[in-house]
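Below you'll find the structure, written out as structure tokens, and then a few comments.
The values are calculated or read from the model by the stated rules, or taken from the named source; none is laboratory data. Quantities reported herein were computed from a predicted structural model and do not represent experimental measurements. Reconstructed Cβ throughout: ideal geometry from the backbone, glycine too, with neighbour counts over all protein chains shown. Remember, those area values only see protein heavy atoms, side chains included, never the ligands or the DNA or RNA. Shrake-Rupley method; radii C 1.70, N 1.55, O 1.52, S 1.80 Å.
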There are 4 protein chains.
Amino acid sequence: MTLFERLKAACADDWAAYVDHPFVRGLADGSLDPAAFRHYLLQDYVFLIHFARAYALAAYKADTLADIRAAAAVLTGIVDVEMDLHVKFCADWGLTRADMERTEEATANMAYTRFVLEAGHAGDLLDLHVALSPCVIGYGEIGRRLAADPTTRRAGNPYWPWIAMYAGADYQQVADTAAAQLDRLADAALTGVRFAKLAGLFGKATRLEAGFWQMGLDRSL
Amino acid sequence: MTLFERLKAACADDWAAYVDHPFVRGLADGSLDPAAFRHYLLQDYVFLIHFARAYALAAYKADTLADIRAAAAVLTGIVDVEMDLHVKFCADWGLTRADMERTEEATANMAYTRFVLEAGHAGDLLDLHVALSPCVIGYGEIGRRLAADPTTRRAGNPYWPWIAMYAGADYQQVADTAAAQLDRLADAALTGVRFAKLAGLFGKATRLEAGFWQMGLDRSL
Amino acid sequence: MTLFERLKAACADDWAAYVDHPFVRGLADGSLDPAAFRHYLLQDYVFLIHFARAYALAAYKADTLADIRAAAAVLTGIVDVEMDLHVKFCADWGLTRADMERTEEATANMAYTRFVLEAGHAGDLLDLHVALSPCVIGYGEIGRRLAADPTTRRAGNPYWPWIAMYAGADYQQVADTAAAQLDRLADAALTGVRFAKLAGLFGKATRLEAGFWQMGLDRSL
Amino acid sequence: MTLFERLKAACADDWAAYVDHPFVRGLADGSLDPAAFRHYLLQDYVFLIHFARAYALAAYKADTLADIRAAAAVLTGIVDVEMDLHVKFCADWGLTRADMERTEEATANMAYTRFVLEAGHAGDLLDLHVALSPCVIGYGEIGRRLAADPTTRRAGNPYWPWIAMYAGADYQQVADTAAAQLDRLADAALTGVRFAKLAGLFGKATRLEAGFWQMGLDRSL
């Protein structure tokens, strides 16, 4: 079993509450309030900036050239490709880059991103990647699951492009690479005591990610 | 005008929402639900641990022996004195050290503490102290204001000891020292552009501190 | 006057000792012992890894998307392009990638790189870039000066390709970009007190860079 | 076998070169040039500041209240007690506090302290404590060994008070506590791969500590 699967199993309730959050169900059946989705998209732009910083921190904390390169590639991918893709995606929802740039960062956004970054500073590279994994690998799981689920509405579902993006081969590759890296780091560093600590970290990160969905639903700041 | 006063003025709405939060009003007139206060007290124990870590980070980031000593004194004060005082204070509310040690950290708690710590890593010592100031100096202001307010209920108000603690000479000295240090750091580093950035940081930290009150009211995790 | 020029002026003796170091003179007239240059090249490979980590840290510490992108571009350039160029350059000196990978890091190498990284953690982005500048901008100055100096030997000088690389338009652009970024950061953060601190940092970093040349000359570990 | 003993065994040559350095032998037989010792003492004052910062970083990186308290106690001990003791010790060698405060930090001093601090940032608390251990535990071993060695000169040896200080019960307790903490951290985090990485870190730190002795001998900056 991969470390990611073990962490999920250790935090099963938190995980279920995250991947099966009402926001996610609303994406699947198309019932999500578009205003909630727009709020989420705006916050996601701010999120991407701190997400990029997390990969910068990962590149700094790496102790092999391979790990530096892997983190640098994700970092560059985020700031040079993904952010523009996000802006384009948002344009379909009537949101402009200017809207995104003037978005006030929501508490739930700060809560997750700063938790991840601080966990990275306090611990080592494995801690940082475990804290990132509910997002990086979790979005892949959510996308894949929704795409495979026959009850997911495709035709006429305005959220289908979002689902298809995370279910697509490109993102699945990102998620698989992240899971493999977790295992590689765990090979070097995992002990029983450490697993318990990582599970604590993973559980908190997962709850904070669920809070990000909730922020979308509530359109809260 | 001190830097702290300038920051408050720049974030006047956020500041008012924090220092005049319904939780604070409930402390003043004694109407706060004791269950909300207990929830707050339990979270405050967890908070103190990360607050101590913030002063440890401040001691690390200091570039004068005086600043290292100042931060080390606060750090030691928290872990060797304040935490025990907190435990004693909580005993009067029927909470044991064991209750505190098994408290699950609330999102609002993580949100503020990790924001402060991460701001300290991302920036310099002034950024860190600005992020801490809504708490350190703000509690002094809240205590002083409530104690001076004739409408504050003293007799029979179960929250009066809490108010008296923060209004007392010891805590006021802590707050004054923190404000003076902010000014000392600002003397060396403040520019117009920097002030705008610090005000952004202060505003976010203040909103996250208001979120801590709200967490108490809502008893949320 | 740019911040970089002001820092050089404030640390004139240290700067002269660095840019006019016997190692540099040996490059200019071709008299440098090839064994010293090979030692330097091997250490420079290890240096590049920590140099990349410094730009990763800069990307993390940046508070604008433009600064994140700038640092990410340098980071990616180092690990995806420069390291391979370095390996190719070294092949002309009979050094293989395996030689580089098994190089024991010299004290002078650790001294400079860890100083830079730690200065970045302790302070802010400006501190980090000031600590990097004797290297990034300094190599550009050294290359340009040697290439412009009529006494520099070109024909038959085995070190001419090294000089030409740093005097070339590509590297000069890197150095100019770095100097401009220093000024942009200084616009936001420079005060008189701060300048004095930065000059102290710059002087130390410059001495440590001179130590890197000396390590080459001495072939020391 | 303690982790510290395992690390020493894995880096036996580096360890021998450090604990049996000519500087140490000169302390033992009293032959060390007093000018070298004074140079060392002045640098040691600067060292203590960064040593204190390392314990501040350890307090920040700790994830148990016990580890925060342990690091905070050492930090406070350094800045509130040891630095004054050092100043008093130095007074016997004709050095004033003003001499110490204007000491230019030597490269060997920066090399070790920044290496330790950066290792702490890059890795976790165990990495930080391993990097500190050649100093903290090593000085205890050196003091104990010299005090137990019949060839060590006591009468008329101006360095005997230095030896006696590190051989004394107070410092031995400090060293034992540090060794026990390493083992406690290792219990939670040690794997075979991790041990190899820690041994690499320990070896570098040990070589940098030997460099600190050499700096004393050479009176180098």
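Where only protein heavy atoms count, and the probe is 1.4 Å, what is the accessible area per residue for segment C:24-173 in Å²? Don't skip to the end; give the middle numbers.
Values: 5040 Å² over 150 residues.
It amounts to 34 Å² per residue over segment C:24-173.
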How large is the Rg to Rh ratio of segment C:1-137 when both quantities use alpha carbon positions and Rh follows Kirkwood? 0.99
Under 21 Å between alpha carbons, and skipping anything fewer than 8 positions from residue B:8 in its own chain: which lysines qualify? B:197, B:204
Size descriptor, Kirkwood hydrodynamic radius, that averages inverse alpha-carbon separations across segment C:98-221, Å: 16.0
Karplus-derived 3J(HN,Hα) from phi for segment D:121-133 (6.51 cos²θ - 1.76 cosθ + 1.60, θ = phi - 60°), whole Hz, x at Gly and Pro, runs 5, 5, x, 10, 4, 5, 4, 4, 5, 5, 5, 7, 5
Nearest 20 debye, what's the magnitude of the dipole of segment A:81-121 about its Cα centre given +1 on Lys and Arg Cβ and -1 on Asp and Glu Cβ? 20
With only alpha-carbon atoms counted, please give the Rg and Dmax of segment A:46-123, in Å. 14.2, 43
Have a look at the protein assembly as shown and give its Rg and Dmax from the Cα atoms, expressed in angstrom. 28.2, 94
For residue A:221, place a label point 7 Å out from Cα along the Cα→Cβ vector, do the same in each other copy, and report the separations in nm, one decimal, smallest first. 3.0, 5.4, 6.0
Tell me, what ³J(HN,Hα) does each residue in segment C:43-55 have, in order and in whole Hz, if you take phi through Karplus 6.51 cos²θ - 1.76 cosθ + 1.60 with θ = phi - 60° and put x for Gly and Pro? 5, 5, 4, 5, 4, 4, 5, 6, 5, 4, 4, 5, 6
From the label point of residue D:64, set 7 Å along Cα to the beta carbon, how far off in nm is each other copy's matching point, shortest first? 3.0, 3.8, 4.6
Accessible-area loss of at least 30 Å² (1.4 Å probe, chain alone to full protein assembly) applies in segment B:45-62 to B:49, B:53, B:56, B:60, B:61
In sequence order, what are the phi-derived ³J(HN,Hα) couplings for segment A:142-151 according to the Karplus relation 6.51 cos²θ - 1.76 cosθ + 1.60 with θ = phi - 60°, rounded to whole Hz, with x for glycine and proline? 4, x, 5, 5, 5, 5, 7, 7, x, 7
For residue B:33, inter-copy label distances in nm, listed shortest first [label point 7 Å out on the Cα-Cβ vector]: 2.3, 7.6, 7.9
Can you grab the distance from the C-alpha centre of segment A:1-71 to the C-alpha centre of segment C:131-165, Å, no decimals? 47
In segment D:1-51 the accessible area split gives carbon plus sulfur, as whole percent at 1.4 Å, a share of 55
Positive-pole candidate from C:65, C:78, C:18, dipole of segment C:1-78, charges at beta carbon: C:65
Return the inverse of the average 1/r over all pairs of distinct C-alpha atoms in segment B:1-72, which is the Kirkwood hydrodynamic radius, in Å to one decimal. 15.1
Net dipole in debye of chain A [+1 Lys, Arg Cβ; -1 Asp, Glu Cβ; about Cα centre; nearest 20]: 160
Ignoring ligands, DNA and RNA, the residues of segment C:173-204 whose accessible area with a 1.4 Å probe is reduced by 30 Å² or more relative to the chain alone are C:188, C:191, C:193, C:197, C:204
Estimate the FRET efficiency between residue C:214 and residue A:149 by the formula 1/(1 + (r/R0)^6), using the beta-carbon distance for r and 56 Å for R0, to the nearest 0.05. 0.30
Return the carbon/sulfur percentage of the accessible area of segment A:103-173, one whole number, probe 1.4 Å, all protein chains in place. 58
Which one, D:215, D:158, D:148, is farthest towards the positive end of the dipole of segment D:142-221 when Lys and Arg carry +1 and Asp and Glu -1 on their Cβ? D:215
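Ballpark to the nearest 100 Å², how much total accessible area do D and A bury together, probe 1.4 Å?
1200
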Where rotation carries C onto B, the chain C residue whose Cβ is nearest that axis, in whole Å: C:124, 2
Segment C:80-143: trypsin sites (Lys or Arg not before Pro) falling in loop per DSSP and having at most 15 other Cβ within 10 Å: C:102
What 222 nm value per residue comes from the helices of chain C, counting each DSSP H run with n ≥ 4 as -39,500 (n - 2.57) and dividing by all residues, nearest 500 deg cm²/dmol? -26000 deg cm²/dmol
With only Lys, Arg, Asp and Glu charged, each at its Cβ (+1 for the first two, -1 for the last two), find how big the charge dipole of segment C:87-211 is about the Cα centre; round to the nearest 20 debye. 260
